[in-house]
Amino acid sequence: MRLFFDANTLFTAAHNPQGKASFVVELGARGHWVLCTSAYAVEEARRNLEAKFPGALPTLAALLGHFEIGAESRAHPCPEVLPAKDCPIYLAAHGCQATHLLTGDIKDFGPLMNQTKRTDGLVIQTVAQFLESL
């Protein structure tokens with residue numbers, strides 16, 4: 001499996017080292033799956049941590065050592081229901097050849113969660129949903 005972390009999932013993993021997102025990173029670091037993200041997601045997570053929890057920035061930097069950083073795919077159209085601000089995340093998940101896009105953004109990604117026929121095979125889930133599906 002190849003798991004793509006969006007910005008809020010990276011933020012959560014860095015801010016809450018005892019949480020589910022951090023646990024998924026730990027398992028990825030142990031080789032259970034490949035962890036991926038994008039420069040766009042990293043920058044958004046970094047900006048949000050800097051504004052809200054600057055003490056978590058070193059944790060983010062350490063976590064990123066376990067991630068592949070991918071580029072956006074141009075081979076996949078962005079679903080019409082997804083706001084333009086989230087298209088770079090969706091396209092980068094495809095660019096990484098991720099099997100899963102993990103997000104906490106239920107408002108924007110919610111209509112596409114667990115809807116692989118609408119997402120070119122990409123499973124979009126919250127971290128909790130992903131763990132429950134194992």
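The values are calculated or read from the model by the stated rules, or taken from the named source; none is laboratory data. What you see is a predicted model, and the numbers here were worked out from it, not measured in a lab. A quick note on method: Cβ atoms are made from the backbone with ideal geometry, for glycine too, and the neighbour counts reach across all protein chains shown. In case anyone asks, the SASA skips ligands and DNA or RNA and just uses the protein heavy atoms, side chains included. Shrake-Rupley method; radii C 1.70, N 1.55, O 1.52, S 1.80 Å.
Worth a mention:
- Tallying residues that are open to solvent by less than 10 Å² (accessible area, probe 1.4 Å), touching a helix residue (DSSP H, G or I) at 6+ places or on another chain (Cβ under 7 Å) and within 20 Å of TYR90 (Cα to Cα) within region 7-36 yields 8.
- Note on region 98-129: residues that are closer than 18 Å to VAL81 by Cα, part of a helix (DSSP H, G or I) and open to solvent by 40 Å² or more (accessible area, probe 1.4 Å) amount to 6.
- All positions within region 86-105 that are farther than 27 Å from PRO17 by Cα and over 12 Å from the mean Cα position of the chain (by Cα): CYS87, GLY95
- Of all residues making up region 95-134, the number that are farther than 21 Å from VAL25 by Cβ and not β-branched (Val, Ile, Thr): 11
- The single residue among ALA39, ALA62, ALA51, ALA75 that is aliphatic (A, V, I, L, M), at pLDDT below 95 and surrounded by fewer than 19 Cβ atoms within 10 Å (Cβ to Cβ) turns out to be ALA75.
- Check on GLU132, closer than 19 Å to PHE23 by Cα and surrounded by fewer than 18 Cβ atoms within 10 Å (Cβ to Cβ): yes
- Pairs linking a residue in region 71-100 that is free of Cβ contacts under 8 Å to residues at least 12 places away in the same chain and farther than 15 Å from MET113 by Cα to a residue that is open to solvent by 20 Å² or more (accessible area, probe 1.4 Å) and of a type in the set (Val, Ile, Thr), with Cβ atoms under 7 Å and 6 or more positions apart or on different chains, do not occur.
- Any hit, region 106-118, residues being closer than 14 Å to CYS36 by Cα, under 14 Å from the mean Cα position of the chain (by Cα) and touching a residue at least 12 places away in the same chain (Cβ under 8 Å): no
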